[in-house]
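Nothing in this text is a laboratory measurement; each read-out follows from the coordinates by a stated rule. All values reported here derive from a predicted model rather than from experimental measurement. Glycine gets a Cβ as well: all are built from the backbone with ideal geometry, and neighbour counts include every protein chain shown.
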Amino acid sequence: MIVRAPAKLNLCLYLGPVREDGLHELRSLFCPLALSDRIEIRSSDDDSDEVVCGGVEGPNLAAAALAALRARGWDGPPLRVEIDKRIPVAAGLGGGSADAAALLRIADGEVGPLEEVALELGADVPSQIHPTFALVSGAGERLEPLPAPGHFGAVLIPFEAGLRAGDVYAEADRMGLGRSPEELAAIESRLRAAAGEGSSPIDYAGLLVNDLEPAAKSLRPEIAEALDALESSGATAVLVAGSGPTAAGLYPDIVAADRAAGGLPPRFANAIVTAPSLRP
């Protein structure tokens, strides 16, 4: 079996107060991207599961997802899972969560509800089980599916060294970033009204704000250079992807995005051109 694990782009990320569980209340628009990891799943010749992911050191969230299925009683055959990483690691694009959710999908209908298993792995994982354009609240676990957005192109500038989301949120707390519950409620209504009719995010670029951006730039000042380069290239909106450090620029279509990527300074030659994924 070969499955796709699409990256997700937070088209905005509004930061609220810390909850009792230690997570932050958020409001965001999650958009799955054509950029995706390729995962090959086959029966193992051994008696145990094996997850292989080249270039990723340390604990693997996909392996944790498979272990969580076993702990819930899933009795599928031993598996060998090979992940071809195309989504940059620790880049704010949800690559690890996407891989974990892809593994959970193999037990859909056999272990459930999968959303409960996913939430144990991380707040971003539930949204990746069935990737769709959605208005997100809570710490990322509450999803309100929206009509697919109108087309746009995106240019992503990743960095060789990633950022830990926990470090970025801690820096945001240190800097006193965040909004009140009342502000979040008003923003949620504005996002629903703007995105609920299937409009392109280009049409509501003023709402594409990431409250974590100052914290990410505080930890990695070179992010500012990437954002400036995208803005100079003609991007309609520029923002940090998730908790960073990836810089993202949005354009009216994929042609404009490709043209912009080709004109970036040589130090950003690793830029990725992508678009929303409208496949279920």
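Just need the relative contact order of segment 36-93 here, percent rounded to a whole number, with Cα pairs under 8 Å and 6+ apart. Write out the running numbers ahead of the final one.
Details: 67 pairs, mean separation 34.5, N = 58.
Computed over segment 36-93, the figure is 59 percent.
May I ask you to list, by number, the DSSP H helices of the chain whose Cα span along the axis is at least 18 Å and whose average Kyte-Doolittle hydropathy reaches 0.5 or more?
On the way: long enough: 181-195 (21 Å, -0.05).
Counting only whole DSSP H runs, no helix qualifies.
Calculated from DSSP H runs of 4 or more alone, at -39500 (n - 2.57) each and per residue, what is the 222 nm mean residue ellipticity of the chain, nearest 500? Please report the intermediate quantities before stating the final value.
Numbers: 9 runs with 85 residues, N = 280.
Taking each H run of at least 4 residues, the total per residue is -8500 deg cm²/dmol.
Which of PRO77, PRO17, PRO245 moves the most in a Gaussian network model of the chain with Cα springs under 10 Å?
Taking springs between Cα atoms under 10 Å, the residue moving most is PRO77.
About the Cα centre of the chain, what is the dipole size in debye to 20, counting +1 per Lys and Arg Cβ and -1 per Asp and Glu Cβ, all else neutral? List each step's numbers first, then the result.
Details: 23 positive and 40 negative charges, 127 e Å.
That gives the chain a dipole magnitude of about 600 debye.
State the Cα centre-to-centre distance between segment 97-163 and segment 188-234 in whole Å.
After rounding, the separation between the Cα centres reads 19 Å.
Most fluctuating residue of ASP258, ASP47, ASP167 in a GNM of the chain with Cα springs under 10 Å: which is it?
ASP47
So for segment 156-232, averaging the separation of alpha carbon pairs under 8 Å that are six or more residues apart and normalising by length, what relative contact order in percent results? Present the calculation step by step, with values, prior to reporting the outcome.
On the way: 27 pairs, mean separation 32.3, N = 77.
Averaging sequence separation for qualifying contacts and normalising by length gives 42 percent for segment 156-232.
Which whole number in µm²/s is D for segment 165-250 by Stokes-Einstein, with the Kirkwood Rh taken over Cα pairs at 37 °C and 0.692 mPa s? Before the final figure, lay out the partial values.
On the way: Rh = 14.0 Å.
Value of D from the Cα-based Kirkwood radius: 235 µm²/s.
State to the nearest 20 debye the size of the charge dipole of segment 50-91 about its Cα centre, where the only charges are +1 on K and R beta carbons and -1 on D and E beta carbons. Before the final figure, lay out the partial values.
Details: 5 positive and 5 negative charges, 24 e Å.
In total the dipole reaches around 120 debye.
Can you put SER189, SER233 in order, fewest other beta carbons within 10 Å first? Present the calculation step by step, with values, prior to reporting the outcome.
Values: SER189 11, SER233 22.
Listed from fewest to most nearby Cβ atoms, that is SER189, SER233.
In whole Å, what are the extents of segment 2-274 along the principal axes defined by its C-alpha atoms, from largest to smallest?
Projected onto the principal axes, the Cα atoms of segment 2-274 cover 55, 44, 37 Å.
How far is the Cα center of segment 37-78 from the Cα center of segment 238-266, in Å?
Comparing the Cα centres of segment 37-78 and segment 238-266, I get a distance of 33 Å.
Among ALA148, ALA62, ALA161, which one shows the biggest mean-square fluctuation in a GNM of the chain, springs joining Cα atoms closer than 10 Å?
With Cα springs under 10 Å in the chain, the top fluctuation among ALA148, ALA62, ALA161 is at ALA161.
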